[in-house]
Amino acid sequence: MNTNLKFRYAQREDAQLILWFIKELATYEKMLDDVIANEAILTEWIFDKQKAEVIFAMEGDKEVGFALFFHNFSTFLGRSGLYLEDLFVIPEARNKGYGKSILKKLASIAVERKCGRLEWCCLDWNQPSIDFYLSLGATPMSDWTTYRMAGDTLEKFANNPMNM
């Protein structure tokens, strides 16, 4: 792990910074228009409802990377895992091993909490990240396809009595 890098868990007053990192990642992924989160929503779901956690990678006193994660559960393993929703390192701090250090920190958290696995998704077009994850020994789950219901589709499905 990079010894110049320190980590800290996000606090309530970091909601604006978390949102900034989310928007930077969304810009990189060409999905900025999809971001509807705001500081109030993040504060409610991360800090009030405690549905996710955020760690910051710190170079000195500057946040240079972040990871947002939460617990999931494996019925086959009979225990929880960590799911990495977002990982982002600012461009000027890349190529210093910080992404690997963040993943190692998350792996350490998972081991400390006795989780069975650490999982995440990667966009199919993001070859630099795919190559990076493969170099760490991560295994792509090629037999699995992620499905999603969101927005109007989710609302309609949940509320339509004809879907019973």
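Read-outs: derived from the displayed coordinates by stated rules, not from any lab. Just so it is clear, the structure is predicted and the values come from calculations on it, not from any experiment. Glycine also receives a Cβ, built like all others from the backbone with ideal geometry; neighbour counts cover every protein chain displayed.
Structure notes:
- Here is the list for segment 3-111: chymotrypsin sites (Phe, Trp or Tyr not before Pro) lying in DSSP coil, each with at most 14 other C-beta atoms within 10 angstrom of its C-beta, are 76.
- One Cα centroid belongs to segment 1-63, the other to segment 142-164; the line between them spans 27 Å.
- Taking trypsin sites (Lys or Arg not before Pro) across segment 84-164, the ones in a DSSP loop with at most 15 further Cβ atoms lying within 10 angstrom of their Cβ are 94, 113, 114, 117, 148.
- Counting charges near residue 139 (Lys, Arg +1; Asp, Glu -1) among other residues having Cβ under 15 Å from its Cβ returns a value of -2.
- C-alpha long axis of helix 15-28 to longest principal axis of the chain, angle in °: 90
- The base-10 log of I(q)/I(0) for segment 28-82, evaluated at q = 0.18, 0.31 Å⁻¹, reads -0.88, -1.09 [Debye formula, identical scatterers on Cα atoms, solvent excluded].
- For the chain, Kirkwood radius (reciprocal of mean inverse C-alpha pair distance, Å): 17.4
- Rounded tilt (10° steps) of 98-112 against the dominant C-alpha axis of the chain: 70
- Loop sites in segment 108-137: chymotrypsin sites (Phe, Trp or Tyr not before Pro), DSSP, at most 15 other Cβ within 10 Å: 125
- Net charge in the neighbourhood of residue 59 (other residues with Cβ under 15 Å of its Cβ; Lys, Arg +1, Asp, Glu -1) is +4.
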